[in-house]
Each structure stands twice: as structure tokens, then as C-alpha cells.
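Here is the structure we will look at, set down as C-alpha cells.
The values are calculated or read from the model by the stated rules, or taken from the named source; none is laboratory data. Owing to the predicted nature of the structure, the values given are computational and were not obtained by experimental measurement. Cβ placement follows ideal geometry from the backbone for every residue including glycine, while neighbour counts extend to all protein chains displayed. Note: accessible area is taken over every heavy atom of the protein model, side chains too, but ligands, DNA and RNA are not part of it. Shrake-Rupley method; radii C 1.70, N 1.55, O 1.52, S 1.80 Å.
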Amino acid sequence: MCHQQINKLFHPENFRLRNGKYFKFILSLIAGVIASIVIAMYLTPRVAPAMNAYTTSWIGNTFGGGSKWVQIHVNGMYVASDGTVYLNSPWDEGGREVGIYKNGDVIGMADDLHGWARLGGVAITADQKYIYVAMQQSQSGSPGEDYPPSGTTWHCVRRYNLSGKPAPFTGGRGWDKSMLIVSTKSEVTGLVTAGKQLYVSDPADNRVRVYSTDTMQELRNFSVKRPGQITVDRQGNLWIIQTKDGNTPARIVHYSKQGHLLPEVIKDAVSPTAIALNNQGRLLVTDNGPRQQVLIYNITNTPVLVSTFGIKGGIYAGTPGEVKDLKFSGLAGVGADAEGNIYVANDGFNQSGVDLRKFSPSGELKWRLLGLEFVDNADVDPTTDGVHVFTKHEHFVMDYRKPPGKQWTYKGYTLNAFKYPQDPRLHTSPDAPLFRYIKGKPFLFLTEMYQNYLQIYRFQKATDGEIAIPSGMFVISRADDKPMLSGGWPPNQPASGEWIWRDRNGDGAFSQGEYDSSKDYPYLGGWWVDSKGDVWKTLRTEDGIRRYPLQGLDAKGNPIYTYKLMEKQKSPSIFTDLRRIEYYPATDTMYLSGFTKEHPAIDDDAGIIGSEIARFDNWNKGNRTPRWRIVVPHDTTGKREVGTAAMSVAGDYVFAATVKNTEVYVYKAATGVQLQKFKPGSEVAGGSGWIDIPYGIRAFRRSNGEYLVFAEEDEKAKVIMYRLPK
């Protein structure tokens, strides 16, 4: 309404009675209404202004979820003559331990391998009627059902029909009578069929066992030392990977179908992991050693290496870590169909994720399926405005103009298992990257689910391409004063207490003289690396804040941190159990989370952020009075059905994610007022696994004002990405 209209409405002529007096009671009424409105503004809860609608996207998996996703790992592979690919693995978070793929699509899975103490395995094969799956069954179920006794594991072959349903047989074991118990000592490591016979590698007894595929009854067995993956040639004879044992190298041996050792042997594959026959009768062998190739042998007489498939050196050839069609990384499976197409399965190193590819006989890539992310999250290279995104192993390049799930391109694999065999990612299970620039140089920081350490990686593109080079590491104290990391890695670590390792000689290995050690309170709440490169750590105690000021970069480009210059700061009095920390030097703003006196912890769930988030302005000037406090979803019953796993601050917002219902709460950073909630959208079939790592969300504001919020999503092997417009 314009100014003139308002004046006209309230002109005295409009309120004059017949006797010329003003309508005083109407004026009184108007005054009362105005007063009521003012009072109501204070008594009514604040309603946040509406925000723009967000969209859901994802990175790291070819498919978005629902019934379609590429499984997390691959340990065994079989390719049928029609190009159907069967992958087996001990575990997939979503239940696809055995996945079935064809023509670049997911077409099925083997049922009932997830839960009830069942796991998949490392071998798989099929014939015209059945799939045969190596799997494990431990004690579970109800009395009267057929399960092993407590403390015993059945290492089985389970029979399925070709649609993935269990196929019971007379004498079968397990609750549905579809399991053939091979051993209670070690897993089945090889499977192949020939005619109506199933050959099974039983390394615990150093035997290959032969069963009828009709009855699943054992027909015979014969001795083979350390038998692994098997294939059968056109003469019906067996080629068997004999696995490495101590100083005895792996090799491929030749046996008749009756179990007689034949003279042919292949010794030039350094690390054979899979074996198959192609349509020309030649033997395909994956060499997962430094060459990272498929070796192709003419086996008509004495085996002769006639060709190789893939670029020699694999992912580390040319620009190290740069992804190319014919560069392999962690070879786990090989096969061929009747037309001569070649299928190669990669699992990275220390199970980095599935990369399944089909090639034409001439070597042209026909399709590729990816399932790369497990217990992980993502962060952006801030200098690229979100175009370059990193997870713990992968580098993606983004094109935000494309539709959901299509924005990412797999650019780089950042782990070099051969040049840097002591890379902590090969010996631990890190997650949730922080990408930072220190003195103009890029660095990747990784934590882990229990926050026992913080790993530091540097980049040196001229010599190492995409590879993240081990640079430093923080490890916390243990309550029993024993080494936090056991099992012989890393070498030369202090015998007790906590330590900082810095790669002083630049070789990426943990050498003597590279450790700084100390002792401190053993229970940690969180890590943070600020924009200046200072490392922050919270301990769950009264003086629980530690700051490690950056001392610059050494001659090899590693950031320098020492216990001598570490600062101790007291936890603000509002917290009884301090958890996460995010400090922003540019504005001297501190965000902390934890449990408080008003909202205490019901039990000791060390993985969540606590019950409140608080913002402190002028932190370095000594202010410890919060500007605001947010009560976040937390457990009040002891059942752990509710909890907030992670927080992240970006631009004008604070984001916090819950564990089981995977909601992301959005708060105004200036006021703490809740504005919105995110849930996985239809783009990912509305689904997500738990967010249960300490940094399970990571937010970034792009230059156009758009927000990217990355969230852990283990169930379907990806990272969810929410996009919130300006």
C-alpha cells in the first residue's frame, strides 16, 4: 500500500459521526490492535525465513542408490560367456556382497549374505544352471536351526540359481540347506566348474576338492600346496595360483582334472591375483605387482607370454595416479566372454573401492562401473571454487552444470603402494579429508573413526603427479601407555605416549629421528586444521584445547609442528565433555561442541559431537562467553537412537548431521537460529546409511554463493552431495 493511500485511510473525515464528533472508540481499538501485535512478536517463537530448495547429488558411485549401486569391494570375479559378470566380496554395507552386472548395468545380487553372521568371500564361479559362492557362516539364529557352534566358522560354497536365490540340495547345510561346508579352518580361495564338476581350493588342508554340481557330494580330492584361484583350459586341465608363503614366491601350476601334477609352470607373474581363459584358449593372469597388467599366455605347450593388456605400471605410469582407461590399480579379477571382450576388476590397494571395466578385443573401453567410497567423505580444493574434490583416495573434477550424479569425473588415485609402502592408508583405516593450503602449498589431512590420529599428506606434482605423499602424522596417547599403533607399523615409533612424525628426509617412510614424543590426556574429542595451518585438538577434560602453531615448512615441504611450542587452553566452563572444534583466524571465531551441565551425556558415546554447539567471538582476545548456544539432537534415553555425528561451518551457516536418520540441520552462523533440514532426496532414492564418522559432513561456499555439503554414505558406496543455492 502506497503512502498516499495510508494517509487517506486514516484521514479524520473517515471517522466523523453525524453529530461531527470523531470516532474515538475506533481509534482506541486501533491502538489496542497495534499493541497486541507488538506483544505477540515477542511471545511467538522466531520463525526462520524460508531458504531456497536444495538438491541431492552424489560422487563416487555410478548409480545413486535404491536397488542400484556398485558394491564396495571385489575379491573374486567370474565372467560368463554371455558377458554376465559376478563379483564376490566378504562385505558390502548395503548387502551386495555378491553383485551381478551386465552391459554396464546392475542386474542383480546373491540374496541372504548379509547379517545372521554370514559373509561373502573371495571366490565365485557359475555354470549354465547355478552360481557357486565362497562364503562364511558363523554362529547365529535360533535353537533348532542349522548353524555352527559358538567359536566355529563354516567356510562354505553356497549354491544359488542364476537369479541370485539360494538353491538348496540334499545334505545341504545352513538354515535353508544351500551351504556346502568345505573347511572350519580357512576360507575357500578358488572355484571353477568343468562339465558337471566343481573344483574348490581348500588352502587349510592344501587340497583341491572336487564335487558334483548336481548333488554337491565330494567325488575326490588331491594335494596342492596353498591353492588359490583356479581356471580350467580347453583340455579340461586346471591352472591354479599357488599363493606366496614367506620367502616362497607365488606361481601358477598345472594339474590334470584327476589331480596329477603336470610339468608346466608359470613363474614370471610377481603377484598373481586372478586367472581366467579367453575365447582363444589363452590364459589371462592379473599381475598385481608393480607392472599392474593382465599377462596373456599361450598354453598350448610350454606356457609362453605372448602379450599383455593394460599400460605397464598401471595407475603409476605416465603421470602417477592419473586415471586412464588402460591404467589399472589393484587388480582383483579378470575374465573374457565368448566374443573375446576382456573384463578387468580393480579394488585399489587396501581395498580402495571397485573399478570394473569392459574392453573390446582391441582394447577399447566399452563401459566402466565405479563403487569407490566407503567410510569416507569429501572436501574441496578451496582455490578451485569446488571444481576439484578429494576423498581419502580419490580426486574428482566437477562440472556443476550437469545433472545430479553426473557432475563428477574420476581424475586421480592418490595412493602409491609401491613408491610409498609405509603410507598410513595402507596400514590404517582413515576417513574424512580436510584439504588445506599452507604457505601456498596443498595438503590433505585425514582422521579416522575413533580419532586416534591425524595424517598429513603433501603434493609434488612434478615428481608424483596425483599422488599424496606421506608427510606427517599426529598420534594420541593411550590410557594404558602402550603404543597406539601395533602390529609392527610404523617402524621406529616411540614405545609409549603420543607422538608427531614428520618426514624429514622426504622419502615417505617412518625413519629413526623423525619423531617428537610426549604424553597427554588420552581421550580425544576432535581435530581441526585452520586456514593458517595451525592444528587444533580437543581433549575431553577441563583444560582440553591444544593448539599446535605452524612453524613453517621444512626443506622437503613438510609442515612443522612440535610439542615444545604446543599451547594449552582451558575448555569453556559451559562444557563438561568437549568434543569438536573449528577455529577461523580471519574473524577470530571459535565453534565448539560437547556436552554441557544442562544437557549431559547419558552414556559414553565417544563418536558424537555432544549435545550443544557454541560460538565464541574474539577467541584469541580471551573471550569465553558464547555468542549463542545451539542444542542439537542428542540421546536422552540411553538407547542411542538419536545423536549428532558431525558439524561443519561454511560461510553464513553451521551444518550438523545426525547419525541414524541422516538429517543435516542448517543453522544461521550469526544467530544460531535453525533454518532448514536436509534429507536424501529422490535423486538417491531417499536413502542413506548412517553418518557415523566424526567428520561425516563437510561444507563449502562457492564464489556464486552456492553451498556444497558433502555427507558420508556407506550403504551404497558413495558420498552424498547437497547443493543449496544462494
Original post:
Past the 23 Å Cα-Cα mark, which pairs from 102/165; 406/532; 392/537; 392/718; 441/568; 482/639?
Top reply: 406/532; 441/568; 482/639
Original post:
What residues have an amide H closer than 5 Å to that of residue 448, excluding those fewer than 5 places away on the same chain, when H is modeled at 1.01 Å from N in the peptide plane?
Top reply: 431, 453
Subject >> Charge tally in the Cβ shell below 15 Å around residue 623, where Lys, Arg are +1 and Asp, Glu are -1, residue 623 excluded >> reply: +4
Original post:
Distance in nm between label sites at residue 565 and residue 186, each 7 Å beyond Cα in the beta-carbon direction?
Top reply: 5.1 nm
Original post:
What is the gain in length, in nm to one decimal, between residue 618 and residue 682 on full extension, counting 0.36 nm per residue of separation less the C-alpha to C-alpha distance?
Top reply: 18.8 nm
**OP:** State the extension gain, in nm to one decimal, for the chain segment bounded by residue 637 and residue 366, taking 0.36 nm per residue of separation less the distance between their alpha-carbons.
**Re:** 92.2 nm
Subject >> Integer Hz, Karplus 6.51/-1.76/1.60 couplings in order for segment 170-177, x for Gly and Pro >> reply: 4, x, x, 10, x, 4, 10, 6
Subject >> Relative contact order for the chain, counting Cα pairs under 8 Å that sit 6 or more residues apart, in percent >> reply: 10 percent
**OP:** Using a 1.4 Å probe over the heavy atoms of the protein chains, calculate the carbon and sulfur portion of the accessible area of segment 122-223 as a whole percent.
**Re:** 47 percent
Original post:
Using a simple spin-label model with points 7 Å from Cα along the Cα→Cβ vector, what separation in nm is obtained for residue 150 and residue 504?
Top reply: 5.2 nm
Original post:
Tell me, what % of the accessible area of segment 346-475 is carbon and sulfur with a 1.4 angstrom probe?
Top reply: 52 percent
Subject >> 13 Å beta-carbon shell around residue 605, net charge (K/R +1, D/E -1) >> reply: -1
Subject >> MRE, 222 nm, helices only [DSSP H, n ≥ 4, -39500 (n - 2.57), over the chain, to nearest 500] >> reply: -1500 deg cm²/dmol
**OP:** Would you mind computing, in nm to one decimal, how far apart the modelled labels at residue 298 and residue 652 are, each placed 7 Å from Cα along Cα→Cβ?
**Re:** 7.2 nm
Subject >> About the Cα centre, charge dipole magnitude for the chain (Lys/Arg +1, Asp/Glu -1 at Cβ), debye >> reply: 1700 debye
Original post:
By how many degrees, 0 to 90 and rounded to 10, does the Cα axis of helix 24-43 deviate from the longest principal axis of the chain?
Top reply: 40 degrees
Subject >> Whole-number accessible area per residue in Å² for the chain, which is evaluated in the context of all protein chains at 1.4 Å >> reply: 41 Å²
Original post:
In percent, what relative contact order does segment 158-224 have, based on Cα pairs under 8 Å that are 6 or more apart in sequence?
Top reply: 19 percent
